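The values are calculated or read from the model by the stated rules, or taken from the named source; none is laboratory data. Computed from a predicted structure; not experimentally measured. With ideal geometry, Cβ positions are generated from the backbone for all residues, glycine too; neighbour counts draw on all protein chains shown. These area figures cover heavy atoms from the full protein model, side chains too; ligands, DNA and RNA do not enter into them. Shrake-Rupley method; radii C 1.70, N 1.55, O 1.52, S 1.80 Å.
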Amino acid sequence: MRKLVFVTAALVAAVAVFVLRTIPPRRAALNAIDDGTVAGIIHVHSNRSDGSSSPDEIAAAAAGAGLKFLVFADHGDATRKPEPPAYKSGVLCLDGVEISTSGGHYVAMDMPAAPYPLAGEARDVVEDVRRLGGFGIAAHPDSPKPQLRWTEWTAPFDGIELLNPDTSWRIVGQQPGWRGRGRLLTALVDYPFRAPETIAHLIQPSTVIYPWLATTERRRVVGIGGVDAHAKINLRGDPADATGWSLPLPGYGPAFRMMSIHVNIERPLTGNAASDAAVLMRGIRGGHLYTAVDGLAGPPAFEFSATNDFGTVHEGDELTAGGGLTLRVRSNAPAPFTTIVHEGPRTIATVRDPQDLTVHAAANPAVYWVEIVSNDTPSIVWLRSNPIYVRGTAPLTQPPTRLPATASQPLFSGTSLERWTTEHDATSLSASELTDGGPIRELRFRFGLSGGARVGQVAAVAVETPGGIAPNTRLALTARADHPMRLSVQLRGGDGGSERWGRSVFLDRFDQDRTIYFDELTPVGNTQTWSPPLNTIRSVLFVVDTINSAPGASGTIWIKKAELQR
Ligand SMILES: [Zn+2]
Ligand SMILES: [Zn+2]
C-alpha cells in the first residue's frame, strides 16, 4: 500500500514537473475595447457530419467563449436545406456546408440548398456556389493531406483560410522523426491545464500567404481563419475517418477560446436572426474582418485604415490610388508583440509595441495588410487583417484572349441521329430521339439513373467521330434541361480507345450556349494521358452520372446545337 502511494506520488510529481517545464504561458488578458466588431467563429462541424456535439451544444460552448456568431460547415454536397439563421444560447448561428471537390474542400455559406449535388472539379463548385448566391472559402489550402488541400488557384473563390488549427496539428504531426509527434504528445499532457494556450502554440505559419497575395493583386479575396472544430481527433490523422480510435479533443469550448473572427458590422446586432445574419454576411463578404488568436492574448481590439486624396477606407475596402497614402493601425496588442505592415509581399514597417501606428506609403497601387506577431520563438501571428486594396485606373484583368471560331463541323444536324447512340450502366436507362414538328428539331435525351448506393450509375448520349476531331479546338453546345443540373461533356479515345477527358457544364431550364475548350479538359476515370490526343478521339459523350446527380435522378436534356469548332 505504501509502495503504491509512493509510486503514485512520484508519478504525479513527474507529470507536474513535465507540465511546469512545457506548458505555454498563460494568455495575456487585455482590456476589452469596443472596436466596432463582433467576435465569432466559422467552419464548425457538428454531429450532423463528423463533429461530436449537436448544434445546440456547440452554440452553448460558443456563448461560453464569449462569441456572438457561429457558422456551421458540416461536410455535405449542399443539397441539404440549410437551417435558417437562428439565435441559440444568444449566439447567431448560420448554417453552411463544407463541400469536397477534386481540388480540395470549399466552405460555402449564405446560400439556399443546391438543386443537385455540388462535387467534382473545384472550378465547377466555385461556379455553382457563385450562381447560387453563396460565399465560398477555399478551406485549409496548406493541408499536408493532398485530398484536403485546395489546389484550384485560378478559380474565382471568394475567400481563403489563412489559419486552420486542424491543419497545423497535421503539419506538426508529420514533422520528420519524433519531434513533431513529441510536440503533440506534450500538448496532450499540457492541454488539461491550459487548453486554449496549448492549441494556440501549435499554430504553424501559413504557407499560402504568397499565393493569396498574388490573387489579391487582381481581385479581392477575403483572408479568414477557420476553426475547423470537430471536437474529435482521429489518431490515424483523419477526422473524417469514423472507423479509427478518436479522442474528443480539442473540445469546442477550448477551440472557441483559442481563436476568433472579428467582423466589422454596419449596425449593432438587434436579435432578429434573419436581418442580423444579412448584416454579418455583408461584413464577411466585404472582408471587413480580422482573425485573432485569443490563446495568445485577448480580447483583441484592432482598427486598420488608409487615407489618401480620395478619402479614408478600412480593411476589406478598395481605394483609388491618388496622392501619398497614410496607413493607420490601432490595436490593444500587449507590450512585447510586434506590428508588421505589409505592402503586398513586402514589409514596410516593423514596430514593437505600438498601439497607434502611422505609416506613410507610396502613392502607387498596392495591397496593404497587417500582422501582429507574438514574442514567441518562432513568433506566432496573433492577429491578421484583411487587405486594403489601393487600385490604379488600369483594368486589373485582361479580357479572355480566345479568338472566335472560324470554322465548324456539326455533330448534330437537326435532321437525323445518324452516328448517335445512348449508353448506360446495367440498371440505369437512357433514350434519345429527335423532337418532332416545328422548324427546329432538337435532340431529346432522357435519362434515369438507378437508385441505391452511389456507384457506377451513368447514362449518356454519344456521337461517333470516326476520323478523330482534330484540328478542332472546342465544342459549342446549345442545350437546356428540365431541371438545373450539370452535364459532363467528354471525349473518348486515346490509348486503347477507352480513355476519357471531360468538363462539366451547367444546364438551366432555358437554352444557353456553352463552349467547351479542349485544352481545359481534365482526365476522367482511368485515363493516363493529361490532354486528349484529338486525332484519336472516336466519340463525344454527354454524360449524366452521380458526381452531380443524385442516385435515382431522372430527367430530360434538349440539345439544339452541338458542333466542333476551330
Ligand atoms: Zn476540410
Ligand atoms: Zn472542416
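Screening I380 on (1) open to solvent by 40 Å² or more (accessible area, probe 1.4 Å); (2) farther than 17 Å from D317 by Cβ; (3) not polar (S, T, N, Q) shows it passes everything except condition (1). State whether the residues of the range 170-177 include one that is touching a residue at least 40 places away in the same chain (Cβ under 8 Å) and under 22 Å from the mean Cα position of the chain (by Cα). So far as the range 170-177 goes, yes, one or more of its residues are touching a residue at least 40 places away in the same chain (Cβ under 8 Å) and under 22 Å from the mean Cα position of the chain (by Cα).
Can you tell me which of G251, G225, G159, G182 is closer than 27 Å to L70 by Cβ, away from ligand 1 (no atom under 16 Å from the Cβ) and either modelled with pLDDT of 90 or more or buried (at least 23 other Cβ atoms within 10 Å of the Cβ) (or both)? Don't jump to the end; show me each part of the working.
Numbers: G225 fails: away from ligand 1 (no atom under 16 Å from the Cβ); G159 fails: away from ligand 1 (no atom under 16 Å from the Cβ); G182 fails: closer than 27 Å to L70 by Cβ.
When all the criteria are applied, what remains is G251.
Could you tell me how many of the residues in the range 112-149 are of a type in the set (S, T, Y) and either in contact with a Gly (Cβ under 7 Å, 6 or more places away or on another chain) or closer than 28 Å to S206 by Cα (or both)?
Filtering the range 112-149 for residues of a type in the set (S, T, Y) gives 116, 143.
Still in the list and also either in contact with a Gly (Cβ under 7 Å, 6 or more places away or on another chain) or closer than 28 Å to S206 by Cα (or both): 143.
The total comes to 1.
Whenever a residue of the range 37-63 is part of a helix (DSSP H, G or I) and of a type outside the set (A, V, I, L, M, F, W, C), its partners that are within 16 Å of ligand 2 (Cβ to nearest atom) and open to solvent by 10 Å² or more (accessible area, probe 1.4 Å), lying with C-beta atoms within less than 8 angstrom and at least six residues away or across chains, give the pairs P55/R48; E57/Y252. Checking each residue in the range 132-141 for being away from ligand 1 (no atom under 12 Å from the Cβ) and either buried (at least 24 other Cβ atoms within 10 Å of the Cβ) or over 10 Å from the mean Cα position of the chain (by Cα) (or both) picks out L132, G133, G134, G136.
On the stretch given as the range 186-213, residues that are open to solvent by 20 Å² or more (accessible area, probe 1.4 Å) and more than 26 Å from the chain's Cα centre (by Cα) total 7.
Determine whether the range 385-402 contains at least one residue that is under 22 Å from P211 (Cα atoms), open to solvent by less than 20 Å² (accessible area, probe 1.4 Å) and touching a Pro at 6+ places or on another chain (Cβ under 8 Å). For the range 385-402, residues under 22 Å from P211 (Cα atoms), open to solvent by less than 20 Å² (accessible area, probe 1.4 Å) and touching a Pro at 6+ places or on another chain (Cβ under 8 Å): present.
Checked against (1) touching a strand residue (DSSP E or B) at 6+ places or on another chain (Cβ under 6 Å); (2) farther than 24 Å from A229 by Cβ, A138 passes all but a single condition, namely (2). Just so you know, in the range 492-535 the residues that are among the hydroxyl-bearing types (S, T, Y) and modelled with pLDDT of 95 or more include one that is most open to solvent (accessible area, probe 1.4 Å), and it is T515. Here R21 fits the description: over 25 Å from S331 (Cβ atoms), assigned to a helix (DSSP H, G or I) and either within 16 Å of ligand 1 (Cβ to nearest atom) or charged (D, E, K, R) (or both). If the Cβ limit is 8 Å and pairs must be 6+ apart or interchain, which residue in the range 5-29 that is modelled with pLDDT of 90 or more pairs with which residue that is part of a strand (DSSP E or B)? Going by the 8 Å Cβ cut-off, the qualifying pairs are R27/A297; R27/G298; A28/A297; A28/G298; A29/A297; A29/G298.
In the range 418-443, of all residues being under 19 Å from A476 (Cβ atoms) and of a type in the set (A, V, I, L, M, F, W, C), the one that is farthest from the chain's Cα centre (by Cα) corresponds to I440.
The residues of the range 23-74 that are surrounded by 17 or more Cβ atoms within 10 Å (Cβ to Cβ), within 16 Å of ligand 2 (Cβ to nearest atom) and not small (G, A, S), listed by number, are I41, I42, H43, V44, H45, D50, P55, I58, L70, V71, F72, D74.
Which one of these is out of contact with any helix residue (DSSP H, G or I) (no Cβ under 8 Å at 6 or more places or on another chain), assigned to a strand (DSSP E or B) and open to solvent by 40 Å² or more (accessible area, probe 1.4 Å): R441, R446? Walk me through how you get there before you give the answer.
Values: R441 fails: assigned to a strand (DSSP E or B).
Exactly one residue qualifies, and that residue is R446.
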